[in-house]
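Since the structure comes first, as structure tokens, the remarks are kept for the end.
Here, each number is a calculation from the coordinates, and none is a lab measurement. Owing to the predicted nature of the structure, the values given are computational and were not obtained by experimental measurement. Glycine gets a Cβ as well: all are built from the backbone with ideal geometry, and neighbour counts include every protein chain shown.
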Amino acid sequence: MSYVVLARKYRPRTFDQMVGQEHVVRALSNALQQQRLHHAYLFTGTRGIGKTTVSRILAKSLNCTGPDGRGGITATPCGVCSACVEIDEDRYMDYVELDAASNRGIDEARDLLERAAYKPGIGRFKVFMIDEAHQLTKDAFSALLKTLEEPPEYLKFVLATTDPEKMLPTVLSRCLQFNLRPMPPEVVQQHLQQVLQAEGVASDTASLRLLSRAARGSMRDALSLTDQAIAYGSGRLEEAGVRAMLGAVDQGHAAALVEALARRDGPGLLARLDSLRSLGLSADGTLESMAVLLQHMAVEQAVPGTLDGIDPDLADAVRLATLLPADETQLLYSIVLQGRGELSLMSDEYSALTMVLLRMLAFAPPSADMQPPPRERAAAAPHLATPPPPAPAQSAASAAPAAPAARRAQAQDLEPPPWVDLPPPEDELPAASGSAALRAPAPPALAVLAAPPQAAVAFVASPLGERWAELVGRLVRSGSVAALVRELAAQAGLDRIDGTTRPPTWHLLVERDSLRTDALRDKLCQALSAELGQPLQLVLHAQVPQDSPSRRDAVERERRQHLAESAIRNDPLVVELMSQFSTARIVPGSIKPI
């Protein structure tokens, strides 16, 4: 006898044998028992989760005659009558399966409708099952619509699809829809264990766990992988063999990578990467294993104790959950998912994997234990040393405004307005020499974190700057530059044009290192050449420009802001209000130019 693969041998023959689809089984069983039959059913879900199987069991339930030939419609088909046996063997004349992936045109639909005109030959009902129904053409759907809405009493339609979004709304509205769900790994693992016990195949828990996770919710895929693993392991299932067959990465490697990231250990991270490459492990499998680990860590961080005692593989997740903050775990998980899609963009997937892991290291917040000792920090940056305490006069003056505010609040029995305790703008302070003593000193924390003053480059307008700003404006308005190329053009300043070269060389001053790249320069050069109608070449210099489009915009914004503030301060109504109320003043930052 020829060997029957596990996916066919252990295909459910009744609703009771179906695994993981209890919601569908219950609804159909109740409908069959109560004889409340719909004329069209739609089963949706991913591959290998039982759509065609449910259709065949439903067809058997409608046509089963029982062992004695006297049975009727039932939720528990006998499996021994001619209808049950022939439907299982796909040779029942009144059960027709049409694969719409390869038979999707109007001719096939018309052929199906011609068969629908005749009553069942031997059965109680004719059942037409259309698999991958979303691939039918619009004309084929249109031809089926009338019959699908009002079929003869002896005809039942069953549609199955992996993509219900592509189904016509007019078809969806005519069907009773059931969504078959992907099966949890625990359910798949339990079923695989029963199958292997029936087959007499030795296995360990770890190998079954790997197979159930690799199946991704599909029982058919799980059984097919199990067949492959039995052949690979010469009749036995062992973790090492199954892991090698699947190309799965041991969780220990993923745990080591996450731990290196948690400890900001760059050398250790690269050393682990070299180890993965030398072992020939899959880069995609590495990221998948990390994603599973990070997901378990996130669960443990959100609800501590949830993972204890469920799975031996979860010990690493419980341990590592204490090394990372919850928000960083979420960030790493997002980078892993994004990185899996980038692996195929590189000829060497390990180069892409290296960049994904380095991205995690770059985005990770700095760890406290990575800061240099206080003495080293003070030596490296003496201007960051703790400032001396404020003078007594300043301290007393800083506390003085609080008392009047408190007295006013007590007298009115109301909180003072929020602007009372705000420091006045610089231009409102009196010009007397004692005005500095009336200001509250800056908090010490701000003094510690303040950066050393740097000499600012003054804005100086120039004819070249005017020409460059006008040209950049044309590029932006026409959409010739965007994103970082537009940013490069706006931040750059035109220093000089060398007409002695062929083509002419334009020299731009660009402060930011991230904008001085060959790729951005070439794109900007191409846009400029197209706009001017002649070729040119660009040279980027690391220098702060005195005149650039962005600095011109900033100067214009400052001018408009100053005009708006002056207009408000000189408004007669505002002047009158300020004179009537001693505590009234304009809240800084509340004036915006129109």
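Each residue in ASP68, ASP131 was given a count of other beta-carbon atoms within 10 angstrom of its own, and listing them fewest first yields ASP68, ASP131.
Averaged over residues, the count of other Cβ atoms within 10 Å places the peptides 79-85, 29-35, 220-226 in the sequence 220-226, 79-85, 29-35, highest first. Pairs spanning more than 20 Å between alpha-carbon atoms, out of LYS60/LYS126; LYS60/LYS166; LYS138/LYS166; LYS51/LYS166; LYS60/LYS138; LYS126/LYS166: LYS60/LYS166; LYS60/LYS138; LYS126/LYS166.
For segment 210-293, give the magnitude of the charge dipole about the Cα centre (Cβ charges: +1 Lys/Arg, -1 Asp/Glu; no others), in debye to the nearest 20.
Details: 9 positive and 10 negative charges, 19 e Å.
With Lys and Arg at +1 and Asp and Glu at -1, about 100 debye.
Near ASP16, once Lys and Arg are set to +1 and Asp and Glu to -1 for all other residues with Cβ below 14 Å from its Cβ, the sum equals +3. Comparing ASN179, THR205, GLN251 along the charge dipole axis of segment 163-274, the residue lying farthest to the positive side is ASN179, per the Cβ-charge model.
For segment 205-247 versus segment 162-201, the spacing of their alpha-carbon centroids is 19 Å.
Loop only per DSSP, at most 12 neighbouring Cβ atoms within 10 Å: give me the GluC sites (Glu not before Pro) in segment 78-132, ordered by residue number. Provide the component values of the computation, followed by the final result.
On the way: sites: GLU86, GLU89, GLU97, GLU108, GLU114, GLU132; in loops: GLU89, GLU132.
The qualifying sites are GLU89.
Treat the count of other C-beta atoms within 10 Å as a stand-in for reagent exposure and order LEU323, LEU269 from fewest to most. It would help to have the intermediate numbers written out before the result.
Working: LEU323 14, LEU269 21.
Listed from fewest to most nearby Cβ atoms, that is LEU323, LEU269.
Counting other Cβ atoms within 10 Å as a rough exposure proxy, the listed residues TRP468, TRP506 run TRP506, TRP468 from fewest neighbours to most.
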